[in-house]
Amino acid sequence: MKTTNRAVRSPGGLSIRLDVRALVVVLLLLATALTASVVLIGTGDFPIPAADVLRTLFGQGNEGQEFIVNELRLPRVLVGLLVGASLGLGGALFQSISRNPLGSPDVLGLGQGATAGALTMIVLFSGDANQIALGALVGGLVTGLAIYVLAWKRGVHGYRLVLVGIGVSAIVTAVNGYLLTKSDIVDAARAVVWMTGSLDGRDWDQVWPLLGLCAVLVPLALCNARGLRMMEMGDDVSYALGVRVERVRLLLMLAAVLLTASATAAAGPVSFVALTAPQLARRLTRSPGPNLLPSLCMGAALLVTADWLSQRAFGAEQLPVGVVTGVLGGVYLLWLLVTERKAGRI
């Protein structure tokens with residue numbers, strides 16, 4: 001498929017550039033995510049055909065199907081979609097701001113920071129699920145603020161942001177190890193399960209806060225996509241084109257930190273989705289720029305597909321979704337490094 005850009009003009013004279021290939025990719029990724037979601041809802045000890053799942057979602061199932069679909073499985077799938085979308089969009093924002101394909105929350109230490117907050121609640125306060133989620137959110141925000149402040153020198157620039165993030169990640173990882181060594185066996189077991197990244201046991205209590213944050217942050221990020229695209233050409237060019245660079249950068253970094261921290265609070269540190277989703281989306285669209293919407297859809301599709309694999313691809317054993325995304329993301333990263341080396345870029 002060739003990249004096709006078309007200008008669409010409204011009756012009022014507003015002209016919008018439409019990337020047809022990117023639009024098609026978004027629609028295909030949405031279809032993939034929704035199809036995988038329906039299949040996932042029907043998967044389990046009590047399998048339900050896809051047609052019955054759809055009837056139940058529209059209120060036409062029997063009482064047993066209503067309970068299984070709407071109370072047990074639908075919240076888990078919605079959390080998976082929202083977490084994947086948040087990580088995909090957050091990763092795209094960070095990679096565009098840093099102008100570095102490795103500038104994702106996984107590498108910059110935001111996931112480790114959220115983990116530190118959660119471990120603090122588990123180990124020091126024996127917190128419940130809501131307190132652990134709050135600790136993860138606060139930990140991610142504090143880590144993001146620390147990275148921004150330490151990387152500031154007449155502005156925040158890509159390589160400095162990545163280097164500071166790697167350093168902060170190493171420090172926070174050491175803190176996490178210390179917290180684990182100081183915990184008793186019960187709290188350590190809870191912490192290790194949470195640190196794996198899992199959608200098990202997720203219900204409507206995790207859906208609504210994450211949905212509310214996404215409802216605010218996703219439009220905010222998409223509305224600033226033009227300024228972000230200009231910033232990829234350099235700060236001087238962006239200033240010349242009228243972009244308030246530091247304001248846009250700070251606003252989008254805050255949005256990316258909140259998206260990543262809230263996703264981690266809801267499902268634990270699900271690795272590699274934020275790193276791989278934007279790059280896979282860009283390879284599909286073949287379009288320059290941040291590719292925010294395709295990255296969001298790619299993240300959602302990746303996570304629900306990985307969740308299905310974690311339940312069905314290993315026989316009777318069900319793995320946490322974080323294990324599957326870690327394996328798939330690691331394989332992709334190795335492939336990317338080999339490809340870049342063969343191309344002479346590293």
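Overview of results
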{"read-out": "Single match in V69, V83 (criterion: aliphatic (A, V, I, L, M), part of a helix (DSSP H, G or I) and either closer than 17 Å to M195 by Cβ or touching a residue at least 40 places away in the same chain (Cβ under 8 Å) (or both))", "value": "V83"}
{"read-out": "Test for G135: is it of a type outside the set (A, V, I, L, M, F, W, C), buried (at least 17 other Cβ atoms within 10 Å of the Cβ) and under 19 Å from the mean Cα position of the chain (by Cα)", "value": "yes"}
{"read-out": "Qualifying positions in the range 296-337 - within 16 Å of F272 (Cβ to Cβ) and more than 17 Å from the chain's Cα centre (by Cα)", "value": "L309, S310, L319, V331, L334, W335, L336, L337"}
{"read-out": "For L210: the one exception among (1) more than 16 Å from the chain's Cα centre (by Cα); (2) in contact (Cβ under 8 Å) with a residue 40 or more places away in the chain", "value": "(1)"}
{"read-out": "Among the candidates V142, V164, residue that is more than 27 Å from V193 (Cα to Cα) and open to solvent by 10 Å² or more (accessible area, probe 1.4 Å)", "value": "V164"}
{"read-out": "Selected residue (criterion: least open to solvent (accessible area, probe 1.4 Å)) from residues of the range 283-293 that are over 18 Å from G103 (Cβ atoms) and not β-branched (V, I, T)", "value": "S287"}
{"read-out": "Residue satisfying all of: in the range 97-112; within 15 Å of V273 (Cβ to Cβ) and among the aliphatic types (A, V, I, L, M); surrounded by the fewest Cβ atoms within 10 Å (Cβ to Cβ) among these", "value": "L102"}
{"read-out": "Helices (runs of 4 or more DSSP H) contained entirely in the range 171-282, each with at least 1 residues that are modelled with pLDDT under 90, surrounded by 20 or more Cβ atoms within 10 Å (Cβ to Cβ) and of a type in the set (F, W, Y)", "value": "185-196"}
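The values are calculated or read from the model by the stated rules, or taken from the named source; none is laboratory data. Remember, it's a predicted structure, so these values are computed and weren't measured experimentally. Backbone-built Cβ (ideal geometry, glycine too); neighbour counts: all protein chains shown. Protein only, heavy atoms only, side chains kept; ligands, DNA and RNA dropped before computing areas. Shrake-Rupley method; radii C 1.70, N 1.55, O 1.52, S 1.80 Å.
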